[in-house]
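Report on one structure; see the data block that follows.
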Protein chains: 2
Amino acid sequence: MSELASQTYTRADEAFDCLQTAIVKGDLAPGDKIGELDLCSRFELTRGPLREALGRLESRGLLVRRPHAGVKVVSVSASELVELYRIREVMEGLAARQAAERMTDQEIADLQATLNTHEAMIDEARGQAYYQAEGDYDFHHRIATGSRNTKLAQMLLGDLYYMVRMYRYRLSTSAGRPHLALGEHRRIVEAIAQRDGELAEFLMKRHINAARKNIEKKIEEGLLTI
Amino acid sequence: MSELASQTYTRADEAFDCLQTAIVKGDLAPGDKIGELDLCSRFELTRGPLREALGRLESRGLLVRRPHAGVKVVSVSASELVELYRIREVMEGLAARQAAERMTDQEIADLQATLNTHEAMIDEARGQAYYQAEGDYDFHHRIATGSRNTKLAQMLLGDLYYMVRMYRYRLSTSAGRPHLALGEHRRIVEAIAQRDGELAEFLMKRHINAARKNIEKKIEEGLLTI
DNA sequence: ACAACGTATATTGTCAACAATACCTGAGTC
DNA sequence: GACTCAGGTATTGTTGACAATATACGTTGT
């Protein structure tokens, strides 16, 4: 996760990663008032590094802290998930545009290669779950970093994606439309390969828009109330 | 700054605010390897809360930490400032759109009132600096919160604006075009008042685009190399 | 019986001492 | 003279104990 692996891995970093994955995977349910001591014993940590990690997580909006009252995982509503996708739409649109302008040919080739891998997985009808979870993440991850926009990548990779993945784990949403999504991914990469930033932005926005509408539909059907 | 003033203000919060303003105002120069003890004596703090604040700041990208090597304020380049404005363009565009859909009539009235205040200040030719620094910030702040998009507002207010303000203090950029900016602000508010989200988004994007081009021009002229 | 208050407890916030590590200085060698 | 390597030092990371506060419970008064 960390870019160039700062040789020494501090306890606070460890705590941060543990907590983050625990929150994302749903091991720490939202709304729970969870004590620091519980967390310490759970992750074999002491309170110092733990508190530092809690501060970071709070700053990223994954949990909320009330002084002397405790920490709880942020409770999330379905409508907020939709809001997240609206943000993704504009930010990843920008990322796609800049990626088209700035990615190296090698990076584009790699991106196409990952898409082929994903296609193979879907055709074999196994690992659909993988494709939707990690594969999709991988695709968007590459474009975010390919934008060469440090802050943009940081916001997408460090904030938004974790929140989206949190929802995904919790509700196993984003189900369905694997072939559809792959096709959309292909078109986006095509536009990037042709260095057509405007088109790449348009396609990416439409892609995420479609994902959002898919989620909204599920909410309508009452499958997604949190 | 904190939304509903959590009665008790912890030392870590204090440290966080002190450091943030110090960074934004330029009292802590970027690139400086600044020691924890120095900071402690400077802000009358102890290392515990300080470290917690440092973690939060690092998480927000205002400073970088290398284990056992120290903390330094993130050094920023002119090109990265431009990248920031590209992000602002799409995010604030979205904010304007959602604000047009969701702001209360009262909020819109307040927004118009602040614009009148700003105009009076400019006409009196005093407080231009104020208008450009705090006034502009105030305008964008209101729209961000008016979007009713929690995460969007959090990202704009908690991350992007601090970075932009950091640059502003440091280079006293964003100079010029006060009347121009005010006119653009007025048109945006008009669109919001008419509940025309699409237009509000378009105008906001163009507004920030203009600001970005203004900065790029200065960079061309060599006035803004960092 | 219900409400309000005061106390008790458990949890969080804070502090100061200890341990580990990166950087710097100096000597030695090529 | 320049480079390498080793040790010292200062700074950071970590720990455990202490202080402050919010919640919960029991008591008391109406």
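The values are calculated or read from the model by the stated rules, or taken from the named source; none is laboratory data. From a predicted model like this one, the values you see are computed outputs, not experimental measurements. Note: ideal-geometry Cβ built from the backbone for every residue, glycine included; neighbour counts use all protein chains shown.
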Within segment A:4-49, the residues that are away from chain B (no Cβ under 12 Å) and among the polar types (S, T, N, Q) are A:T21, A:S41, A:T46
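Residues are listed down the side, and each one gets a yes or a no for (1) in contact with a His (Cβ under 8 Å, 6 or more places away or on another chain); (2) touching a residue at least 24 places away in the same chain (Cβ under 8 Å):
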{"residue": "B:R51", "(1), (2)": "no, no"}
{"residue": "B:H68", "(1), (2)": "no, no"}
{"residue": "B:M91", "(1), (2)": "no, yes"}
{"residue": "B:M121", "(1), (2)": "no, no"}
{"residue": "B:H140", "(1), (2)": "no, yes"}
{"residue": "B:G158", "(1), (2)": "no, yes"}
{"residue": "B:Y161", "(1), (2)": "yes, yes"}
Any hit, segment B:27-47, residues being of a type in the set (G, A, S), within 16 Å of DNA strand D (Cβ to nearest atom) and within 23 Å of the chain's Cα centre (by Cα): yes
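Taking segment A:48-74, which residues are on the phi < 0 side of the Ramachandran plot and of a type in the set (G, A, S)? Spell out the reasoning first.
Start the filter on segment A:48-74 by keeping residues that are on the phi < 0 side of the Ramachandran plot, which leaves A:48-60, A:62-67, A:69, A:71-74.
Within segment A:48-74, A:G48, A:A53, A:G55, A:S59, A:A69 meet the criteria.
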Note on B:L62: of the conditions (1) surrounded by 14 or more Cβ atoms within 10 Å (Cβ to Cβ); (2) near DNA strand D (Cβ under 9 Å from one of its atoms); (3) at pLDDT 90 or above, unmet is (2)
Filtering segment A:34-59 for residues that are surrounded by fewer than 20 Cβ atoms within 10 Å (Cβ to Cβ) and closer than 14 Å to A:I23 by Cα leaves a count of 4
For segment A:21-44, indicate whether the set of residues that are aliphatic (A, V, I, L, M), within 16 Å of DNA strand C (Cβ to nearest atom), under 17 Å from A:G158 (Cα atoms) and without any contact (Cβ under 8 Å) to a residue 24 or more places away in the chain is non-empty.
yes
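Go through segment A:57-96 residue by residue and tally those that are closer than 21 Å to A:L152 by Cα, assigned to a helix (DSSP H, G or I) and more than 9 Å from every other protein chain (Cβ to nearest Cβ). Give the steps one after another, and end with the answer.
As a first pass, look at segment A:57-96 and keep what is closer than 21 Å to A:L152 by Cα: A:57-62, A:80-96.
With the extra rule that they be assigned to a helix (DSSP H, G or I), the set shrinks to A:57-59, A:80-96.
Now narrow it down to the ones that are more than 9 Å from every other protein chain (Cβ to nearest Cβ): A:81-82, A:85, A:88, A:92, A:95-96.
Final tally of qualifying residues: 7.
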Picking from B:R126, B:R148, B:R187, the residue that is modelled with pLDDT of 90 or more and assigned to a loop (DSSP other than H, G, I, E, B) would be B:R148
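Report, by residue number, each residue of segment B:6-26 that is within 11 Å of DNA strand D (Cβ to nearest atom) and not β-branched (V, I, T). Spell out the reasoning first.
Start the filter on segment B:6-26 by keeping residues that are within 11 Å of DNA strand D (Cβ to nearest atom), which leaves B:6-11.
The answer is B:S6, B:Q7, B:Y9, B:R11.
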